[in-house]
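Report on one structure; see the data block that follows.
No lab work stands behind these numbers, since they all come straight from the coordinates. This is a predicted model, so every value here is computed, not measured. Reconstructed Cβ throughout: ideal geometry from the backbone, glycine too, with neighbour counts over all protein chains shown.
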Amino acid sequence: MSSRVSTGARPGARFAQFKLVLLGESAVGKSSLVLRFVKDQFDDYRESTIGAAFLTQTISLDDATTVKFEIWDTAGQERYKSLAPMYYRNANCAVVVYDITQASSLDKAKSWVKELQRQANENIIIALAGNKSDLVAEHPDKRAITTADAEAYAREAGLLFFETSAKTAENVRELFTAIARKLPLEQAGNRGMRANPRQGVDLRPEAPGTQGGGACNC
Amino acid sequence: MGHDGEESLATSEGEEELANDRRTSPPRDRDDESTIRGVKEEGAGASPKEESSTISQARSNSPETEQEYRPPLPPRPSNFGLLREGSYSPGSSLQRSKNTSRPHLQSTATTALSRTDIHTQSYQDGSRETFAASAQTTPPSKAIAAFGSIKRIKGFSGSEGGDSGSVRSYAPTLETGGDVESLLGEVLGASQESPAWRLHSTQNEAPDPFDSITYEDDETTVDFYREFDEISAVAADGENEEQLLNQWKSKRKHFLILSSAGKPIYNRHGDDNLISGYIGIIQTIISFYEGAHNQLKGFTAAGARFVVMSQGPLYLVAISKLGENDPQLRVQLEALYMQILSTLTLPNLTHMFSNRPSTDLRRPLQGTEPLLSALADTFTRGSPPTLLSALECLTIRKSHRQVINDTLLQTRCETLLYGLIVASGRLVSVVRPRKHSLHPSDLQLIFNMLFEARGVKAGGGENWIPLCLPGFNKNGYLYMYVSFISAYESIGEEEHERVNESGKPDDIAILLISANKESFYDLRKMRDALVDELEANGSMAIVRSAVRRGRPTATDIVPGTVLRHFLYKSRANVQFTMPSYEPSFTTLLARRRLLSLYHALHASVHAKNAHLKVHHCISRESISLAWVTPLFELYCVAGPQASRNALAQSANKVIQWVRKEEERVFIIGGAVSLNSLDRCTIYKKLTPPAARYSEQI
């Protein structure tokens, strides 16, 4: 509902804009994934996100298709939990991140998936990302969650699944591209403006509430 | 200083040795260095009356009442008549009376900043205990003692100051003894400091010590740089524990925060396991005095000053070997406490501990350690805004600032509460509701988060941050939109992060604060409009070039001056201005020494019974001057070879300069949104704290 698909200047060119939210336990690498995706950078030492950060990145799927992500990178700490609905409310897609060296982080990821499936946009596309695969490449004994287990869970819950490394950039681009490919680019009639964060009916004239496709979760 | 009335504290031997030739006050009792001295704040030597009055004061500051607490009128010594003897001229009635608000001084539009009301915005000089307790506590003998030294400096004027004025003319009283001495210990290179710190003073013999520090690159300098090194974790077998503990002990400054049940919450250096023994000891000591209903405020042990602050369920402890005094350390602890409130809000904090006194606060605070550490390190490096409890503004022309203010007002959206433009830690412009001002301590927290800690900036995007501004309202959250604009590139190209003289990246931040947690997109739209407009009318270019220019040097301000550096605080505006640290104070150590000197000057003129207007201090490494009037505070420093006349003349020139430039270096009034929300609406709109504690609101 917050996506925007329009035909650009060139005939046949498509441009779509989607809202994406990152969720997961603190210190699993959400911000690092985003920084790698948006700026192709990596910080070995990163301080915790405070509140949430909002970034955008545009990718081309093919010559004719461009997808712009509006990314909400949320803080993983428990105290920010009550703010999460504001970020996923109108999201078209979500990346739920866990740390493959921390068993508990997958449990947290599962509870986020459950919450998204219950509360968020009905058609939301969820990807599960097992981050920090570089740690395991160096020391295989650090792995706490096997690829097979996570993959089985992802299949069962209907999620995209990747093991990623923000540090080495492994699978980061692939993750976001796979999401973009799964998004409903063809719903060309849906020309909702930028994600409208307000609950309830919005009477402002500049935001025509074309609630196409997805269910209204207000 | 020394409102806390530590008596018989911290008479340091080295200090006496060094001070013998200058000392103007009778020597104090000497204590054994290794014992804990003067443990009680209002104990030893105080009359029972004094003690009880202070304690009741402390109680009235308890969390339940502090919201409504207003400091009573400024302390007037009951034996004031004694002070009137001798040459106590009528003019001296202008001496600062600490706690009066002076509405008549703010005859121009009210400023954007206020410092009243919140107990935690304690004045640098006097913690809030002062307010009530000091009214009757000065025994006549002390008053006279204090007064005796005041007389010595009566005759100061711009061009002449008697020789007596050059003596260490602070007012030593029994009340303030501990504080002032430990401070002067710093200035005079006395034994309050750690041996390593004292080593720095070996340059005292050099003709121009501040200069020599500039070029210095020997071990002692390197040592202070190590102050901020991480202490690694304890090895599994505990083998490196002793080495780590030594490393821990070599730090010159520590901050510890623990719960009253003894659970560690935060410490600056090393992990909790390493120092759990010390946490236990400090908790035992504090609760021993709590048990006796005699709150422990501070003590000295092994050359380190320990200051304890108890805030509801929390104990905050500062341990300093840098020669800061108690009120100054207490201001720093207040700031750390404010940071915790800013994360949790007061109702959440009290609720957690009333439910479960053994709450482990580390979990709810998770992720904010970098903010606490950034604050702590700012204090360890030395921070003029903290010392003066004031803000620094970016110097631009009045008309330019007016354009920026107008642009902010034009573009402001209806959910906006405060809008600020900040450039590398200096305020450029502010828009605020008419009835609300912004509290310096709140701004300090915000600036610390944005410009000292790396977390927010490193993300590289826009940010939406729930935070509580305790000075504004400690019971609920506000939401802050933050976006950075590089001062060097045009918008969108923020890759190159250059670092200015004070180590902060030269970035311009747009801060838009709202009480509505859903207003991100509104504020974002406002930001876009604001930035477009500022770019279009040329204001952004003006701000960028002002940031790039940096602060002027002292000689730019007063050509040919002997001044190395100065701090000028406008009291009515709660703002200060200062020249660049260059060229004399470029190193971390030189700057720390400068700030220590400022701390000492500040302590002297703010000492409770030192009714000083002018304080002149000569040491082997510098001559310096503190000058306090109801309008301003000026602290200035020159090299040791400068004459007193030259210093005084320069001080006058600085005053003239500020008078001329006042509307450029300070923000007078700020932009007030006339159709502002009134107080009630804002409180109604305040969002209750997040998550499970929301029923508290």
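Listed values, structure above:
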{"item": "Along each principal axis, Cα extent of the range B:363-403, largest first, Å", "result": "48, 22, 13"}
{"item": "Distribution of pairwise C-alpha distances over the range B:259-364, 10 Å bins, in %", "result": "14, 46, 36, 5"}
{"item": "Peptide B:451-459 - average C-beta neighbours from other chains (10 Å radius)", "result": "5"}
{"item": "Assigned charges on the beta-carbon of Lys, Arg, Asp, Glu; the range A:1-159 dipole about Cα centre (debye)", "result": "600"}
{"item": "Footprinting exposure proxy for A:73, B:326 (fewest neighbouring C-beta atoms within 10 Å first)", "result": "A:73, B:326"}
{"item": "Ascending count of other beta-carbon atoms within 10 Å, so fewest first, for B:593, A:14, B:363, B:434", "result": "B:363, B:434, A:14, B:593"}
{"item": "Cα-Cα separations in the range B:282-432 greater than 20 Å, expressed as whole percent", "result": "64"}
{"item": "Computed P(r) (all Cα pairs; the range B:523-645; 10 Å bins; percent)", "result": "12, 33, 28, 15, 10, 2"}
{"item": "Measure of compaction for the range A:99-145 (Cα Rg per 2.2 N^0.38 Å)", "result": "1.39"}
{"item": "Computed P(r) (all Cα pairs; the range B:420-475; 5 Å bins; percent)", "result": "4, 16, 24, 29, 18, 8, 1"}
{"item": "Ranking of B:380, B:587 by count of other Cβ atoms within 10 Å, fewest first", "result": "B:587, B:380"}
{"item": "Scattering profile of the range B:379-451 at q = 0.14, 0.16, 0.22 Å⁻¹ [log10 I(q)/I(0), Debye over alpha-carbon scatterers]", "result": "-0.49, -0.64, -1.09"}
{"item": "Along principal axes, Cα extents of the range A:3-129, largest first, whole Å", "result": "49, 35, 24"}
{"item": "Shielding score for B:516-522, defined as the mean number of other chain Cβ atoms within 10 Å", "result": "4"}
{"item": "Calculated FRET efficiency for the pair residue B:235/residue A:43, C-beta based, R₀ 45 Å, to 0.05", "result": "0.95"}
{"item": "Sorted peptide list for B:400-406, B:232-238, criterion being average Cβ within 10 angstrom, highest first", "result": "B:400-406, B:232-238"}
{"item": "Within 10 Å of each Cβ in A:54-60, the average number of Cβ atoms from other chains", "result": "3"}
{"item": "Equivalent ellipsoid dimensions for the range B:223-316 as semi-axes, Å, which come from the Cα gyration tensor, largest first", "result": "25, 15, 11"}
{"item": "Using θ = phi - 60° and Karplus 6.51 cos²θ - 1.76 cosθ + 1.60, couplings along the range B:593-604 (whole Hz; Gly, Pro as x)", "result": "5, 4, 5, 4, 5, 4, 4, 5, 4, 4, 4, 5"}
